[in-house]
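Chemist: Below you'll find the structure I mean.
The values are calculated or read from the model by the stated rules, or taken from the named source; none is laboratory data. Everything quoted here is computed from the prediction, not taken from an experiment. Quick reminder, even Gly has a Cβ in these numbers, built from the backbone with ideal geometry, and neighbours come from all protein chains shown.
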Amino acid sequence: MAASDETAIIRATLNSLVTKGHFSEADATNIIGSTFTELDSFREASLASGLGITSQALDDSEGVVRSFPDNESVDEATIAKAVADHLVEQGLLTPFQASQLLMGRKKFQLGHYRILSQIGKGGMGLVFLAEHELMGRKVAIKVLPRKKVTDQSEEAFRREIRMLGRLDHVNLVRAIDAGFDGNVFYMVTEFIDGLDLNRLVKKYGCLTDDVAASIISQAARALGYAHENKIVHRDVKPGNIFVGFDGCVKLLDLGLARSEAAGEASSFSGVVGTIDYISPEQLDKNSAGSVGSSADVYSLGCTLYY
């Protein structure tokens with residue numbers, strides 16, 4: 001490893017320690033110097049990120065950026081952004097990776113998976129598009145940051161992992177892997193290229209009868225399979241029905257699901273689900289924890305009306 005790369009990693013590590021409160025900015029400045037610019041920060045985060053960005057690639061991109069006359073008098077923050085954009089144009093970074101590196105963030109690895117972009121955000125965490133580092137297969141990774149974990153959210157996340165792990169149906173998103181890395185729980189599922197029903201309707205307007213019937217019937221088959229396996233979803237809604245560009249529908253998010261199997265009780269009490277789509281019995285706090293499959297059928301009907 002070149003000396004400049006080692007220095008970059010040391011500086012990026014110090015910056016991370018400052019962010020976490022283990023070092024003061026004054027202490028870091030004493031160690032790395034006071035002339036540290038936004039371009040330096042981007043460069044060093046890139047070298048420490050594990051994304052394969054080399055000093056040569058950074059030098060080449062910076063040379064291209066600085067060769068434009070308009071960039072002769074701009075500040076280092078603008079140069080850093082331009083270098084990041086050039087690396088994206090070269091296919092060496094994704095836009096998401098570039099934006100994170102510009103903020104000094106350098107962790108893009110979860111287990112054997114490299115984070116490419118953020119594709120979703122839910123009540124229990126974030127969803128990322130990622131790639132297996134050896135196989136090159138695209139996957140979706142649902143992440144539950146440790147600092148945001150409550151006993152209830154961790155239980156829901158673990159339940160979703162267990163349930164998806166034992167289910168196998170064409171209209172249910174397929175679980176691939178799960179684990180704990182540093183400060184986050186994560187679950188890996190197949191990646192489906194498409195839109196959830198909520199965004200689909202907002203983008204294209206009211207669906208035709210044939211298309212709506214196809215989507216709802218596929219979701220119904222997924223629910224039927226889940227019910228056969230004694231699982232009640234409890235949060236069926238447009239945002240949890242994903243429509244692939246190939247027409248295949250996937251039912252998402254079993255985080256609030258309840259298993260009717262013996263010995264698998266949930267600590268969730270009170271109202272569970274999304275208010276516009278939940279069944280009347282789910283609104284009854286005294287019976288919400290024991291709702292059956294009919295609640296999912298009711299919610300699916302509300303979704304069809306949507």
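Chemist: Only residues that are modelled with pLDDT of 90 or more, out of contact with any Leu (no Cβ under 9 Å at 6 or more places or on another chain) and among the small types (Gly, Ala, Ser): list them for region 95-128, please.
Modeler: SER99
Residues are listed down the side, and each one gets a yes or a no for (1) more than 30 Å from LEU116 (Cβ to Cβ); (2) buried (at least 16 other Cβ atoms within 10 Å of the Cβ); (3) within 22 Å of the chain's Cα centre (by Cα); (4) at pLDDT below 95:
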| site | (1), (2), (3), (4) |
| --- | --- |
| THR189 | no, yes, yes, yes |
| GLN218 | no, yes, no, no |
| GLU228 | yes, no, no, yes |
| ASP235 | no, yes, yes, yes |
| GLY273 | yes, yes, yes, yes |
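Chemist: Right, something else. Pick out the one residue from ASP85, ASP70, ASP59 that is acidic (Asp, Glu), modelled with pLDDT of 85 or more, surrounded by fewer than 17 Cβ atoms within 10 Å (Cβ to Cβ) and over 28 Å from the mean Cα position of the chain (by Cα). Lay out the reasoning, then the answer.
Modeler: Working: ASP85 fails: over 28 Å from the mean Cα position of the chain (by Cα); ASP70 fails: modelled with pLDDT of 85 or more.
Selected residue: ASP59, the only one of ASP85, ASP70, ASP59 that is acidic (Asp, Glu), modelled with pLDDT of 85 or more, surrounded by fewer than 17 Cβ atoms within 10 Å (Cβ to Cβ) and over 28 Å from the mean Cα position of the chain (by Cα).
Chemist: Could you please find all residues in region 182-192 being touching a strand residue (DSSP E or B) at 6+ places or on another chain (Cβ under 6 Å) and either among the hydroxyl-bearing types (Ser, Thr, Tyr) or closer than 10 Å to ALA140 by Cβ (or both)? Walk me through it before giving the result.
Modeler: Step one: filter region 182-192 for residues touching a strand residue (DSSP E or B) at 6+ places or on another chain (Cβ under 6 Å), giving 184-189, 191-192.
Once the filter is applied, which keeps residues that are touching a strand residue (DSSP E or B) at 6+ places or on another chain (Cβ under 6 Å) and either among the hydroxyl-bearing types (Ser, Thr, Tyr) or closer than 10 Å to ALA140 by Cβ (or both), region 182-192 yields TYR186, MET187, VAL188, THR189, PHE191, ILE192.
Chemist: Show me the helices (runs of 4 or more DSSP H) found entirely inside region 139-257 where at least 3 residues are touching a residue at least 24 places away in the same chain (Cβ under 8 Å), closer than 18 Å to TYR305 by Cβ and not basic (Lys, Arg). Don't jump to the end; show me each part of the working.
Modeler: Values: elements: 151-166, 197-204, 209-228.
Ranges flagged: 197-204, 209-228.
Chemist: Follow-up. Could you tell me how many of the residues in region 137-165 are modelled with pLDDT of 90 or more and more than 14 Å from ILE176 (Cα to Cα)? It would help to see each step written out before you state the result.
Modeler: As a first pass, look at region 137-165 and keep what is modelled with pLDDT of 90 or more: 137-141.
From the residues that got through so far, the ones that are more than 14 Å from ILE176 (Cα to Cα) too are none.
Residues in region 137-165 being modelled with pLDDT of 90 or more and more than 14 Å from ILE176 (Cα to Cα): 0 in total.
Chemist: Considering only residues that are touching a strand residue (DSSP E or B) at 6+ places or on another chain (Cβ under 8 Å), free of Cβ contacts under 8 Å to residues at least 40 places away in the same chain and either in a loop (DSSP other than H, G, I, E, B) or more than 30 Å from THR13 (Cβ to Cβ) (or both), which ones fall in region 121-138?
Modeler: Correct list: GLU133, ARG137.
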